[in-house]
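I have placed the structure first, in the form of structure tokens, so that the comments after it can refer back to it.
The values are calculated or read from the model by the stated rules, or taken from the named source; none is laboratory data. All values derive from a computational prediction rather than experimental measurement. Cβ placement follows ideal geometry from the backbone for every residue including glycine, while neighbour counts extend to all protein chains displayed. Side chains are part of the model used for accessible areas, which takes the heavy atoms of the whole protein and leaves out ligands, DNA and RNA. Shrake-Rupley method; radii C 1.70, N 1.55, O 1.52, S 1.80 Å.
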Amino acid sequence: MSDPLAVTLGPLTLNNPILTASGTFGYGLEFTDFVDLAAIGGLCTKGLSLKPHAGNAPPRICETPAGMLNAIGLQNVGVEAFVSEKLPKLRACGATVIANVWGDLEDDYVTVVRALEGADGIAAVELNISCPNVRQGGMLFGNSPPLTRALVAKVRAATRRPLIVKLSPNAPDLVESARAAREAGADILSLVNTFVGMAIAPETARPRISFGTGGLSGPAIRPLAVRMVYQVAKALPGVPLMGIGGIAELSDVLEFLAAGATAIQVGTANFKDPGVSGRLVKELTDYCAARKTTVAALVGRAHRGGGRVGGAAGAEG
Amino acid sequence: MKADHRATLTRRQIFSPGLFSVTFDCPDLARAVLPGQFAMLEVPERAQPYLRRAYSVADADAGAGTVEFLIKTIGRGTRALERMPERSTVRLLGPMGNAFTVADLPRGARVAIVAGGIGAAPFPALLRGIAKAGLSADFFLGGRNAKELSIRARFDGLVPGETVLASDDGALGEKGFVTEALARRLGAGTRYARLYACGPMPMFAALAKVVGPARLPSEFSTEAEMGCGFGACLGCVIPGTEKPFIVSCSEGPILSPEKIQW
Ligand SMILES: Cc1cc2nc3c(=O)[nH]c(=O)nc-3n(C[C@H](O)[C@H](O)[C@H](O)COP(=O)(O)OP(=O)(O)OC[C@H]3O[C@@H](n4cnc5c(N)ncnc54)[C@H](O)[C@@H]3O)c2cc1C
Ligand SMILES: Cc1cc2nc3c(=O)[nH]c(=O)nc-3n(C[C@H](O)[C@H](O)[C@H](O)COP(=O)(O)O)c2cc1C
Ligand code: FES
């Protein structure tokens, strides 16, 4: 039998389905005391732009029930410094690197993706069209299917690498966004990014985050994210999905696989438990061994076998 | 190397309501930590607080395998710590951040330590290090009132020099801000080789105006809301002079005031 943890998402094959989410895993190198980077399925870098980007003024984060709000504002070292300073070290660790990229304008995305083309050791590109914490670009692309379609088509033409498009849960119609990204050439869809939220300090009546609003993440969003993965898997059968949102335990991983994700990304949980991704790989290995099953067999189980799932997602019987 | 340690609560000492010290059995961290470094503490509650909280290591005893933190009750995390029964276990991620520098000072040098309220937390270990290195230190401790200064009990016998207390209401020690007490000493001609400080941002801002003109080399132990404590979230930035933002958990928490944009 082939490796029970290995998964194939279109053109991308991974040793296992446990990845770490962009912006919650630094450039990976911050975690080498806690995780063997070669042992996880892959890591998504902090969102990279063409030029180094300073990000938003503090305060940038605040805790909320079972999660947090953030408006980091995509602070990053820029694609050039990433390729020359971070990537060689990641390669030396044996990491499977997914470059997460963003831009203000369509052409910015294309330029960053082109700048990565020459670099060795990048397994895939993930387009962030869903960041709620910048004034331009980001989520604006993800919230409009025509803009999504145009952007993804341009980037598709600029790279031969596996292309992941990261969807916004704030889009008016997630399934339409997913369809637009897929039809324009996305190999894989990752979902979800953070939900736009807000917290106000009652003492001052001012937002707790200087940007005003922030992106909500952590276990608080998990049921929303599971529902979205389920919906997209149902509407677009056969499109490989990476599930993201509040994953911290093995049971959460199994939940997303059942909903239709072939791989998952661990986000905010990395902050409170930096070893969590490595631990999940071990626990999933043990789980599959004990049940003599494979991860591939666990994908999409919620859609099979006549169970009724009602509501907006529709019923199957 | 940073690691996620399991630690058992062995001792709690209360200075006044809401101001206390907790000591944990945590031999590996006790051996590794340097004065000024911090740890990210997780209390065993799943939803709230969700993120860990940063606490300066107040003191560590490598022989006994213990680490101590000085805590002021503020909100959810600190209330949980205050109520936690002895022998409870927590998780401690550390050691995090950089440390105070002492080793480069010549024997006999005199330094100043300035603490505002719970800002006294990182100084027991530093004071022991200073005494061991043969330096002398004046310890300036400020607080709003006598209750906030109750933490001074933790420093009995630790200060190789003068202890100067200051309270906003004048109930204990000199009346006014601790920064004013320091400025009076400097004005009278006292000279220090280095100053170490920890306290709330307004204290730092006032202190920067004192140490700048006096050309007194300083190390400020800064505080920012932290998501992770090890450079992964970029949530803890402080505006800088040499670059837009300093990542305070990994480039600090100890920073020289000229690098900070006040
Ligand atoms: C490097 C570093 C070292 C630290 N060392 C210590 C230490 O040694 N001892 C210690 O007691 N604390 C220390 N802190 C602060 C600590 O990390 C927590 O922020 C603090 O204990 C509050 O946590 P909480 O869960 O009780 O309150 P929360 O529930 O997080 O906060 C409740 C409310 O109080 C506000 N708040 C948070 N912190 C403060 C504050 N300091 N003053 C006023 N309002 C605040 C919050 O914005 C929130 O609105 C340190 C912080 C950093 C970054
Ligand atoms: C502090 C922080 C920074 C983030 N930065 C990025 C980013 O740069 N690019 C991106 O695509 N997503 C970013 N995200 C979103 C996460 O990758 C993830 O989609 C989201 O947090 C939901 O997963 P979680 O609930 O497991 O955290 C960020 C999230 C957080 C909390
Ligand atoms: S607290 Fe996360 S980067 Fe500093």
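Please sort by residue number the GluC sites (Glu not before Pro) in the range A:113-209 whose DSSP state is loop and whose Cβ has at most 12 other Cβ atoms within 10 Å.
On the way: sites: A:E117, A:E126, A:E176, A:E183, A:E203; in loops: A:E203.
Filter output for the range A:113-209: A:E203.
What does the net charge come to around A:A57 if you take all other residues with beta carbon closer than 15 Å to its beta carbon, with K and R at +1 and D and E at -1? Before the final figure, lay out the partial values.
On the way: positive: A:R60, A:R135, A:R206, A:R208, B:K243; negative: B:E225.
Net of charged neighbours comes to +4.
Cross-link partners among aspartates and glutamates for A:K86, C-alpha distance below 19 Å, same-chain residues fewer than 8 apart left out?
By straight Cα distance, A:K86 reaches A:E30, A:D33, A:D36, A:E117, A:D120, A:E126, B:E251.
May I ask for the accessible area buried between chains A and B, both sides summed, probe 1.4 Å, to the nearest 100 Å²? Mind dumping the intermediate values first?
On the way: alone 13060 and 12120 Å², together 22570 Å².
Buried area (both sides, nearest 100 Å²): 2600 Å².
Subtracting the Cα-Cα distance from 0.36 nm times the residue separation, let me have the gained length for A:R91 to A:A199 in nm, one decimal. List each step's numbers first, then the result.
Numbers: separation 108, 0.36 × 108 = 38.88 nm, distance 3.96 nm.
In short, 34.9 nm is gained.
Report ³J(HN,Hα) in whole Hz for each residue of the range B:193-208, in order, from the Karplus equation J = 6.51 cos²θ - 1.76 cosθ + 1.60 where θ = phi - 60°; Gly and Pro get x.
6, 7, 10, 10, 9, 8, x, x, 3, x, 5, 4, 4, 5, 5, 4
In terms of Cα to Cα distance under 17 Å, which lysines are near enough to A:K272, apart from those fewer than 8 places away along the same chain?
In chain and number order, the partners are B:K2.
Only bridges with both residues in the range A:187-317 count here: give the DSSP antiparallel percent, nearest 5. Walk me through the intermediate numbers first.
Details: 5 of 11 bridges.
Bridges in the range A:187-317 that DSSP calls antiparallel: roughly 45 percent.
Can you give the accessible area per residue of chain A, in Å², using a 1.4 Å probe?
Result: 37 Å² per residue.
How charged is the neighbourhood of B:Y192? Take every other residue with its Cβ under 15 Å from the Cβ of B:Y192, and add Lys/Arg as +1 and Asp/Glu as -1.
Values: positive: B:R110, B:R184, B:R185, B:R191, B:R194, B:R215; negative: B:D104, B:D138, B:E162, B:E219.
That sum, taken over residues with Cβ under 15 Å, equals +2.
For A:K292, which aspartates and glutamates qualify as cross-link partners when the Cα separation must be under 12 Å and same-chain residues fewer than eight apart are set aside?
A:D3
What is the calculated FRET efficiency for B:A47 to B:T241, with r their C-beta to C-beta distance and R₀ = 35 Å, to the nearest 0.05?
Details: r = 39 Å, r/R0 = 1.13.
According to the calculation, E is roughly 0.35.
Calculate how large, on average over all directions, the projected area of the Cα convex hull of the protein assembly as shown is; give the answer in nm² to one decimal.
Working: hull surface 111.4 nm².
Computing the convex hull of the Cα atoms and averaging its projections yields 27.9 nm².
Please compute, for the alpha-carbon atoms of chain B, the extent along each of the three principal axes and give them in descending order in Å.
So the three principal-axis extents are 52, 41, 36 Å.
Within 10 Å of each candidate Cβ there may be at most 14 other Cβ atoms; applying that plus a DSSP loop requirement, which GluC sites (Glu not before Pro) in the range B:153-254 survive?
On the way: sites: B:E162, B:E174, B:E180, B:E219, B:E223, B:E225, B:E242, B:E251; in loops: B:E162, B:E223, B:E225, B:E242.
In loop regions of the range B:153-254 (DSSP not H, G, I, E or B), the sparsely surrounded GluC sites (Glu not before Pro) are B:E162, B:E242.
Can you list which of the trypsin sites (Lys or Arg not before Pro) found in the range B:38-110 are DSSP loop residues with at most 12 other C-beta atoms within 10 Å? Could the numbers behind the result be given before it?
Details: sites: B:R46, B:R52, B:R53, B:K72, B:R76, B:R79, B:R83, B:R87, B:R91, B:R107, B:R110; in loops: B:R46, B:R52, B:R87, B:R107.
Filter output for the range B:38-110: B:R46, B:R87, B:R107.
By the scheme Lys and Arg +1, Asp and Glu -1, what is the net charge of all other residues having a beta-carbon under 13 Å from that of B:K259?
Net local charge, B:K259 excluded: -3.
As a test, work out the antiparallel percent of DSSP beta bridges whose residues both lie in chain B, rounded to the nearest 5. Intermediate values should be presented prior to the final figure.
On the way: 37 of 60 bridges.
Once the DSSP bridges in chain B are tallied, antiparallel ones form about 60 percent.
Based on DSSP loop calls and a cut-off of at most 14 other Cβ atoms within 10 Å, the longest stretch of chain A free of exposed trypsin sites (Lys or Arg not before Pro) is what? Write down the numbers at each step before the final one.
Working: sites that count: A:R135, A:R160, A:K292, A:R304, A:R308.
Result for the longest clean stretch: A:1-134.
When DSSP assigns beta bridges and you keep just the ones with both residues in the range A:7-316, what percent turn out antiparallel, to the nearest 5? Before the final figure, lay out the partial values.
Working: 16 of 41 bridges.
If we restrict to bridges inside the range A:7-316, about 40 percent are antiparallel.
Once phi is turned into ³J(HN,Hα) by the Karplus curve 6.51 cos²θ - 1.76 cosθ + 1.60 with θ = phi - 60°, what whole-Hz value does each residue of the range B:216-226 show in order, with x for glycine and proline?
Per-residue couplings from phi come out as 9, x, 9, 10, 9, 8, 8, 9, 9, 4, 10 Hz.
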